Amino acid sequence: MNDAEEYREPILVLGSNKLAYSLVISLRNAGHPVMLSTRKARDAWKYIGFHKGDLRQWEAGQFGNFNVKVIENFSFHPTIRLAIVIAEENLTVKKNIIKILESRLSPDTLIAVNSEAIPLELLQKDAAAAKRILVANWVEPVDTTFFLEIIANRDTDEALVKHFEGLGRKYWGKDPYVIGGETGIRMKLMAALIREAFYLVKNGYATIADVDRACRNDAGYYLPFAGNLRYMDLMGTNAYGMVMKDLNPELATDKLPPDFFFSMMQRGETGMTGGKGFYSYQAGESENWEILLKKFSDQVHELIGEYPFNYKKETADI
């Protein structure tokens, strides 16, 4: 029996944004029957239709021709043993979803919830079975990125964590890591970079375009190859240490985003779909960027696949 013929457990996804829809495609392509519970079924089918060409050829299964079922209610399939939640960063919202899941699914169903800043222990508090709740963070488009951050604490069942990590590594095309604690590291690193970028723009050291060029043409060039710390090893850590000794005292320590960012939010400048964010966009540009991102992601996925993180393939073909 090959991988394509092996049994894959049905998975429930709850979410109403592109990340959730992208996750559905990724899981379905890994051979799982997928049920999506969403407030925006039309948007979900539109996204799936846009990526229809990416769907691998599986025979119709228990969830229809695509082996994907989209519902706008909580009529969950009784065989579900894994539920993945993609919800807004709001503790009340996330806990309400957990409560609904616990009332409708088997007591041994694993519940994986996305969370960038809310501690896992708060998500587990008052839950019927804290041991089956963990945090799982993803990056859109899920199907062409290797990222999967798993957060588990002392209350999380270690066997469930290993099972979830194993699925990610063996079937979902991920290079997962597990953080033993309450919050992840990805957003901490990203927030530090954004805070410094805001500081530079606010104080007139750089423009928004300057920041994007600096990130894209330097860090964006080597990060997919090695990550920050391995790249320091490659270049020589001493040089970085000397620079950081003088530079660190000057770095931003702001506890809140700058006023110009809050003003953007108040004016509704929330990004491409609204026509304006840090840059202005014409009608139709958002769709064009979606197409470009898809093409770029496919190409980068293929390239990174040639240079796996631990470099267990031939060390160098030179």
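The values are calculated or read from the model by the stated rules, or taken from the named source; none is laboratory data. Here the structure is a predicted model, which means the values were calculated and not measured. Cβ: placed from backbone, ideal geometry, glycine included. Neighbour counts: every protein chain shown. SASA here: full protein model, heavy atoms, side chains in, ligands and nucleic acids out. Shrake-Rupley method; radii C 1.70, N 1.55, O 1.52, S 1.80 Å.
Given the peptides 293-302, 133-142, arrange them by the average over their residues of other C-beta atoms within 10 Å, most packed first. Don't skip to the answer; put the middle values down first.
On the way: 293-302: 13.3, 133-142: 22.6.
In descending order of packing, they fall as 133-142, 293-302.
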Antiparallel bridge percentage (DSSP; both residues within the chain; nearest 5)
20
Return the long-range amide H neighbours of V85 (sequence gap of 5 or more, or a different chain), with a cut-off of under 5 Å between placed amide H atoms.
L14, A112, V113, N114
Would you mind telling me the antiparallel percentage of the DSSP bridges in segment 41-136, rounded to 5?
10
Which angle from 0 to 90°, rounded to the nearest 10, does the C-alpha axis of helix 186-202 make with the longest principal axis of the chain?
40
Distance in Å, no decimals, from the C-alpha centre of segment 256-303 to the one of segment 167-189 is 25
Based on the mean of other Cβ atoms within 10 Å per residue, sort peptides 245-253, 66-74, 180-188, 282-290 so the most packed one is first.
66-74, 180-188, 282-290, 245-253
Kirkwood Rh over Cα pairs of segment 205-318 into Stokes-Einstein at 4 °C, 1.567 mPa s: D in µm²/s?
72
Throw me the Rg/Rh for the chain, computed over C-alpha atoms with Kirkwood Rh, two decimals.
0.97
So what are the ³J(HN,Hα) numbers for segment 118-132, from phi and the Karplus equation (6.51, -1.76, 1.60; θ = phi - 60°), rounded to whole Hz, Gly and Pro as x?
7, x, 4, 4, 6, 5, 7, 4, 6, 6, 5, 8, 4, 5, 9
27 Å Cα-Cα threshold exceeded, pairs from K40/K276; K95/K162; K52/K131; K174/K294
K52/K131
Treat each spin label as a single point 7 Å out from the Cα along the C-beta direction, and report the N96 to E121 distance in nm.
2.6
Those residues of segment 249-277 whose amide nitrogen sits under 18 Å from the label point placed on L293, 7 Å along Cα→Cβ:
269-277
Mean accessible surface per residue for segment 1-146, computed with a 1.4 Å probe while every protein chain stays in place, in Å²:
47
